[in-house]
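Report on the structure given below.
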Amino acid sequence: MMKSKNIFRNKTFMITGGTGSFGSEMALKLLNLNIKKLIIFSRDEKKQFDMMNKLNNKKLEFVIGDVRDKKSIDSILRLGVDYVFHAAALKQVPSCEFFPQEAIKTNVIGAENVMESCIKFGVKKCVFLSTDKAVYPINSMGLSKALMEKLLIAKSRKNTKTVFCGTRYGNVMGTRGSIIPLFIDQIKNNKKLTITNPSMTRFLMSLEESVELVLYAFAYGKTGEILVHKAPASTIKDLFGAIKKIFKKKIDYKIIGVRNGEKFHETLISKEEMMRAKSLGKFYIIPPEYKEINYSKYFFKGSSKIKIPDEYNSFNTERLNLNQVIKVLKKSKYIRNNFLND
C-alpha cells in the first residue's frame, strides 16, 4: 500500500484530536514505523493521560491545545512538524444541530487554522478526515464538514508547498456514536436494541481500514484530492442479526424510526463527483473540480456530458448477507474485545 517505509523514517507527525478512536489506532501504527516523534494534540487532558499510560512510548508527546486557537497550533508547528493528520472535529449530529455555531468554530474555522499554520511553518502534507455526511448534507455536522472540504480545495489552489488532501468515510465500526457500541451497551444493560429502520443501509468499515485509508492518502494523495475507501455495506436488519448470533443470546429490538438529521443510506461520493472520480483498487480518488481560479467555468463554459452516473452509497455498493456480516464483525478489533473475550 505505502510507497516505502522510508517516508516515515525520522519524521515528526502530529494528530489533531489525537486521543479519539482514530488517533489511538493511528498512533499504534506510526509508532511501529521508525518515526522520530508523534505529537498528540487535543483538548482532553484525561484522555491524554490514559493514552500516555497505555502506550508508554518515548516518541510520544502530548500537547493540550484547541484547533479553534491558531496560536496553540502555531506554538507546536513552529518547532518543526513534517506531517499532520487532522482528526479534531465535532462529530455528534445532535450536538452540531443544536449548536451549529460550535460546529462552525471547530469543523470550519478550526480546520482553516490548521491549514494556515501548516502553510506558515512548512508542513509537507496534511490529511484531513471528513465524512459521508458532507455529501448532500442535511445536518449542521455535514454542512460544516462540506465547508471544510471546500476550504481544503481552495487552499490547495493558492498554496504550492503544503499538500492538502482529504479522506471521507461513514461511521466506523466501534467508534463513539456509531451503532455497534450503542447495541453493545443496550445488550449489557438488558435493554431492547433500538433500530431506526431494518431496511436502512450502512457501510461496514473497521477502524483499521480507516487508518489504512488515511495512510494511503498520506502516501499517494495529491493536493486538493479526496480519497474514499470502497467499503461493503449491510442493512440494519442483518447487522442486528449478526450481533445476535455472535452474542449467542436472545435479544429483542424495537423500531424507533428514522431520526432527525439522519439519511436512509450513507453517500460517500455524489453523482457529480462520480463524473470525475478515479477508481484505483480499493479506493476512489476525487480530484478537485477546478485546479485554478477560473470564473469562466462558472459563467461561460459548461460540460457536454449528458449521462450522469449514480452516486456511490451504502445501497448500491457491495451488499453483504448475514453470514458475511458476521465474518466482517468478527475481524474487527472492537468486536473481538467486546464480544469474543467475554
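Taken together, the values in this text are just the output of simple stated rules run on the coordinates, not laboratory data. The structure presented is a predicted model; accordingly, all values stated were derived computationally and were not measured. Reconstructed Cβ throughout: ideal geometry from the backbone, glycine too, with neighbour counts over all protein chains shown.
Counting only lysines at least 8 places from LYS250 when in the same chain, those with an alpha carbon closer than 17 Å to its own are LYS188, LYS191, LYS192, LYS237. Of all aspartates and glutamates in the structure, those lying under 18 Å Cα to Cα from LYS271, and not within fewer than 8 positions of it along the same chain, are ASP132, GLU149, GLU225, GLU289, ASP310, GLU311, GLU318. When each of PHE62, PHE218 is scored by the number of other beta-carbon atoms lying within 10 Å, the sequence from fewest to most is PHE62, PHE218.
Computed over the chain with a Gaussian network model linking Cα atoms closer than 10 Å, the most mobile of LYS188, LYS155, LYS46 is LYS188. Amide H to amide H, with H built 1.01 Å from N, PHE128 comes under 5 Å of HIS86, CYS165, GLY166, THR167, counting only residues 5 or more places away or on other chains. Under 11 Å from a point placed 7 Å out from the Cα of ILE255 along the Cα-to-Cβ direction: which residues of the range 159-198 have their backbone N that close? Residues 195-198 qualify, since their backbone N sits under 11 Å from the label point. Here is what passes the span test in the chain: the DSSP H helices with alpha carbon length of 18 Å or more along the helix axis and a Kyte-Doolittle mean of -1.0 or above are 140-158, 207-220.
The length gained on full extension between ILE293 and GLU318, counted as 0.36 nm times the residue separation minus their Cα-Cα distance, comes to 5.3 nm. Placing dummy labels 7 Å off each Cα toward the beta-carbon, the span from TYR220 to GLU102 is 3.9 nm. Between the labelled values (1) 20.8; (2) 15.5; (3) 18.3, the entry that holds mean projected area of the Cα convex hull in nm² as derived from this structure is (3). Counting neighbouring Cβ atoms within 10 Å and putting the fewest first, the residues PHE13, PHE41 line up as PHE13, PHE41. Listed by Cβ neighbour count within 10 Å, with the fewest neighbours leading, MET200, MET141, MET52 appear as MET52, MET200, MET141.
Using C-alpha pairs below 8 Å separated by at least 6 residues, the relative contact order for the chain is 15 percent.
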